[in-house]
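K.L.:
Here it is, the structure in full.
The values are calculated or read from the model by the stated rules, or taken from the named source; none is laboratory data. No experiment lies behind these values; they were computed from the predicted model shown. Ideal geometry is used to build each Cβ from the backbone, glycine not excepted, and the neighbour counts take in all protein chains shown.
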Amino acid sequence: MTKHCNFLVKACCMSFIIGASSGSSILNAQQLSLGGGLGLSTYWGDLNSGNIGADLMHNSGLAGQLTAIYQPSSFYSLRMNVLFGRMMGSDALSEKQWQRERNFSFQSRLTDVSLRVMVHPWSFGNKKGSFGVTPFASTGLALFNFDPTTEYQGMIYRLQPLGTEGQGIAGFQKKYNLTQFSVPFGGGLKLEVSEKIDVILEAYAVKTFTDYLDDVGHKYVNYYTILNENGLLAAQLSDRTPEALGLTEPMDRTTGSQKGGKFGDYYLLTSITVAYKLSSGGKVFSNLKGSGVVCPQKSRIRP
């Protein structure tokens with residue numbers, strides 16, 4: 001995880017330097033803003049019910065974020081964002097019988113650190129002193145951390161260490177990483193409500209490269225295989241159909257039986273952010289060829 005974090009920090013610094021050195025022709029557009037916001041982080045994967053409205057309602061948790069935005073030109077901005085949220089999903093909420101019988105559920109914290117490029121070639125009504133609206137599209141690279149848990153017999157258990165799909169058993173895959181890269185893509189509106197304050201409304205879909213946000217992959221592994229290698233709890237949580245059907249004996253499925261979909265998981269981020277402009281118009285930043293320090297002008301009033 002440390003290597004990944006160092007990578008993002010270096011990428012962020014390099015991007016800010018490149019933007020800052022883009023030349024004196026765009027200095028008047030330079031601007032640095034800091035802010036924070038609230039929103040929702042929403043799971044999207046194998047445990048979705050298929051009812052979009054219900055999924056957005058039941059799979060979402062509250063999220064908070066801190067953001068830094070550097071705008072080296074009127075065309076684009078560079079953004080560093082740190083978000084903390086939660087997400088969850090449950091087969092029990094589905095209208096589909098087969099899914100309720102499958103009976104998986106999870107919840108997870110989410111930490112998302114991203115570096116994004118915001119492209120905004122057009123603005124409307126944003127002359128000095130007026131209310132401005134700027135639509136933007138955005139994408140970038142994120143490093144996220146998750147940790148799926150589930151409730152079983154009144155207790156909460158972390159799923160990744162258990163190996164519920166045979167992870168860690170010889171001949172099966174290794175345990176999935178809880179810290180991975182993802183790609184956010186989306187956009188929104190920046191509302192310039194005053195000379196110093198922007199309100200940003202935005203929504204992102206985040207493409208992950210894992211199918212285990214929910215600990216539910218593509219195929220079942222036989223109950224007794226997991227029992228013998230990873231233990232009783234891992235075996236019990238690998239197939240929860242007996243609970244839904246009121247059975248006292250485990251399901252003896254063939255390894256390779258279909259469990260979830262073939263595609264990886266996503267999470268969605270929606271938020272409202274208030275950003276305060278620390279600098280603008282080149283008053284703090286200057287061309288890197290110079291000193292980078294703005295000196296006060298001599299008074300023209302003679303004593």
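K.L.:
Suppose we filter Lys207, Lys196 for residues that are in contact (Cβ under 8 Å) with a residue 60 or more places away in the chain and of a type in the set (Lys, Arg); which single one remains?
P.N.:
On the way: Lys207 fails: in contact (Cβ under 8 Å) with a residue 60 or more places away in the chain.
When all the criteria are applied, what remains is Lys196.
K.L.:
Ok, one more. Determine if region 71-86 includes at least one residue that is within 30 Å of Pro242 (Cβ to Cβ) and not aromatic (Phe, Trp, Tyr). It would help to see each step written out before you state the result.
P.N.:
Going through region 71-86, the residues within 30 Å of Pro242 (Cβ to Cβ) turn out to be 86.
Within this subset, residues satisfying the condition of being not aromatic (Phe, Trp, Tyr) are 86.
Yes, some residue in region 71-86 is within 30 Å of Pro242 (Cβ to Cβ) and not aromatic (Phe, Trp, Tyr).
K.L.:
When His218 is evaluated against the numbered criteria (1) modelled with pLDDT of 95 or more; (2) in contact with a Lys or Arg (Cβ under 7 Å, 6 or more places away or on another chain); (3) within 26 Å of Asp91 (Cα to Cα), which criterion, by number, is the only one it fails?
P.N.:
(1)
K.L.:
Let me ask something additional. Only residues that are surrounded by 20 or more Cβ atoms within 10 Å (Cβ to Cβ) and either of a type in the set (D, E, K, R) or under 20 Å from Lys259 (Cβ atoms) (or both): list them for region 40-86, please.
P.N.:
Matches in region 40-86: Tyr43, Trp44, Gly45, Asp46, Leu47, Asn48, Ser49, Asp55, Asn59, Arg79.
K.L.:
Any residue in region 60-75 that's touching a residue at least 12 places away in the same chain (Cβ under 8 Å) and within 20 Å of Tyr276 (Cβ to Cβ): show its pairings with residues that are in a loop (DSSP other than H, G, I, E, B) and not acidic (Asp, Glu) at Cβ separation under 6 Å, as long as the two are six or more apart or on different chains.
P.N.:
Once the first residue is touching a residue at least 12 places away in the same chain (Cβ under 8 Å) and within 20 Å of Tyr276 (Cβ to Cβ) and sits in region 60-75, its partners that are in a loop (DSSP other than H, G, I, E, B) and not acidic (Asp, Glu) give Pro72/Ser22; Pro72/Gln30.
K.L.:
Residues Phe263, Phe209: which one is of a type in the set (Phe, Trp, Tyr), within 25 Å of Leu178 (Cβ to Cβ), surrounded by fewer than 20 Cβ atoms within 10 Å (Cβ to Cβ) and modelled with pLDDT under 95? Reasoning before the result, please.
P.N.:
Numbers: Phe209 fails: modelled with pLDDT under 95.
That would be Phe263, the only listed residue that is of a type in the set (Phe, Trp, Tyr), within 25 Å of Leu178 (Cβ to Cβ), surrounded by fewer than 20 Cβ atoms within 10 Å (Cβ to Cβ) and modelled with pLDDT under 95.
K.L.:
Now for a separate question. For region 223-234, check the following and say yes or no: at least one residue is within 29 Å of the chain's Cα centre (by Cα), assigned to a loop (DSSP other than H, G, I, E, B) and on the phi < 0 side of the Ramachandran plot.
P.N.:
First, pick out the residues of region 223-234 that are within 29 Å of the chain's Cα centre (by Cα): 234.
Those left that are additionally assigned to a loop (DSSP other than H, G, I, E, B): none.
No, the conditions are met nowhere in region 223-234.
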